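Here the structure comes first, spelled out in structure tokens, and everything after it is commentary.
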Amino acid sequence: MTEVEQDPSKVTALYPDPPPFWKAFTADNIAQFDTFKQQYAARQGLDVNTILRIPDIPEDLTYLQPPAEPEDAKWKVFNEPQSLDHQLQSLEAAGIQRLASEDQLAGRHMDRAFELKRIAKSMLLNFLELIGLMGHNMHHAMDKVEDLRVLFLNFHHYLNEYRPHQAREQLIQLMQDQLDAKRAETAAIRAVTDKAKRALEGLGSMDIPPAEPEASEDQRRAVVAAASAAASGLVQAPAALNLMHNAKEEGLYWARESDGWSILDGEYA
Amino acid sequence: MGDRLTQLQDAVDQLANQFIASFYYIERHHDLETFGPNDKIPDLKPEQMQQQVDTLPAEEFQAGQLELARDLITKEQQIEYLISSLPGLDNSERDQEQSIRDLEEEIGVAEAQRLEAVKEKDEVLAKLDQVLRAIRRH
């Protein structure tokens, strides 16, 4: 521990220096870059937020924007070539014998499943043969092991070829779910709207009397409460359901009420 | 638990592992035989013998083999079942693209209907609000 303290260069040597361009990120430069960006956006008539790169930028600001995309869609990471289009390496390219010809698999995927089953069965059979060979002639066993290897690799390869198909299949499933959800939501909204409409019609079919001192406070409160219950039913479907079983009582109540008010109306007329 | 394909891949890898395990079991626990008059079973001490081959009683060895074989068959059946239940075996790529397009359209229609319903709901809500306010004013 003391040794480390005595020799600080050892500690700093543990990590490499930060990349040289960190010095470019000064407050001045960032502000300058922002003005450039806005100017460019104004010139091109674009939204500032969608701009990733600005062409023809001064030398000292180049580090402030991300590098351009590789032109040929190829680049290197840790000296390993990378490519934008990920291709599944073909069996031939990997130097492995292909057990089913391309056109056998090109058609419907039923054939692929059939092929997979055949390989799976072959694997069992080859294992049995391998065990038998071990008992009789060990020198031929290596060939069998090689056969098994080819079978396994082929199986995995066919499975990986199937991946894009499965991805599409999953997309279809997701879209179907989305569609169902949308339809269910629409139906629920319609149901609540209809209920609210009926409630409104119920309210509209009777006239609300003008304010009169004789009308008891209770009556008014009841009307307000019933109306707000209907309103809350509009936004809260469960609450509306709870109200359902009260519908009969409510109906009777409304009948009584309107009777009472028609008498009052008659008096006023 | 992954998707069907991953499950299938895992199952195949397990099958390979079972192959190795079965192989090892037989290699480790078989008994010793002479095939010809020139063969000789080396006369080793039991401890030394144990290091090479741990011979099991014939019956136990048989039972072990049977169990391993049964496991292999079970795994094989599992693999075949998984193959049969791979998603969308009946659909070709063109079918899939068609159904994706159809679904896209249907989702568009459903979304329009939903917006319409929401609009209607808002209208009714506004009307209710009006009525409420009218009642309160009295």
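The values are calculated or read from the model by the stated rules, or taken from the named source; none is laboratory data. These figures come from a predicted structure and were not determined experimentally. Glycine gets a Cβ as well: all are built from the backbone with ideal geometry, and neighbour counts include every protein chain shown. With ligands, DNA and RNA removed, areas are computed over all heavy atoms of the protein, side chains included. Shrake-Rupley method; radii C 1.70, N 1.55, O 1.52, S 1.80 Å.
Quick notes on this structure:
- Straight-line reach from B:Lys75: taking Cα to Cα under 17 Å and skipping same-chain neighbours fewer than 8 places apart, the lysines in range are A:Lys117, A:Lys121.
- Estimated dipole of segment A:102-203 in Debye, rounded to 20 [Cβ of Lys and Arg +1, of Asp and Glu -1, Cα centre]: 620
- In this Cβ point-charge picture (+1 for Lys and Arg, -1 for Asp and Glu), segment B:1-112 has a dipole of about 600 debye about its Cα centre.
- Shielding of peptide A:130-137 by partners, expressed as the average count of other chain Cβ atoms within 10 Å per residue Cβ, is 2.
- Nearest-ten-degree value, helix B:93-137 long axis tilted from longest Cα axis of chain B: 40
- The convex hull of the Cα atoms of segment B:22-138, projected and averaged over all directions, covers 20.3 nm².
- Residue-averaged beta-carbon neighbours from other chains (10 angstrom radius) around B:19-31: 2
- For segment B:65-80, 3J(HN,Hα) per residue [Karplus equation, 6.51 cos²θ - 1.76 cosθ + 1.60, θ = phi - 60°, Hz, x = Gly/Pro]: 4, 4, 5, 4, 4, 5, 4, 4, 5, 4, 4, 4, 5, 4, 4, 5
- Heavy-atom accessible surface of segment B:92-138: percent carbon and sulfur, 1.4 Å: 47
- For segment A:102-203, the relative contact order comes to 21 percent (Cα pairs under 8 Å, sequence separation of at least 6).
- Computed [θ] at 222 nm, helices only, for chain B once each DSSP H run of length n ≥ 4 contributes -39500 (n - 2.57): -27000 deg cm²/dmol
- Heavy-atom accessible area order for A:Glu115, A:Glu185, B:Glu27, B:Glu80, largest first, 1.4 Å probe: B:Glu27, A:Glu185, B:Glu80, A:Glu115
- Estimated FRET transfer efficiency (A:Ile51, A:Lys197; beta-carbon r; R0 51 Å; 0.05): 0.55
- Over chain B, relative contact order from alpha-carbon pairs under 8 Å, at least 6 apart, %: 30
- Estimated FRET transfer efficiency (B:Glu111, B:Leu56; beta-carbon r; R0 56 Å; 0.05): 0.25
- Rough spin-label spacing in nm, given labels placed 7 Å along Cα→Cβ, for A:Thr35 and A:Asn137: 8.7
- Once the Cα atoms are used to define both axes, helix B:4-29 deviates from the longest principal axis of chain B by about 10 degrees.
- Cα gyration tensor shape for segment B:92-138, rounded if a/c is under 1.5, else prolate or oblate: prolate
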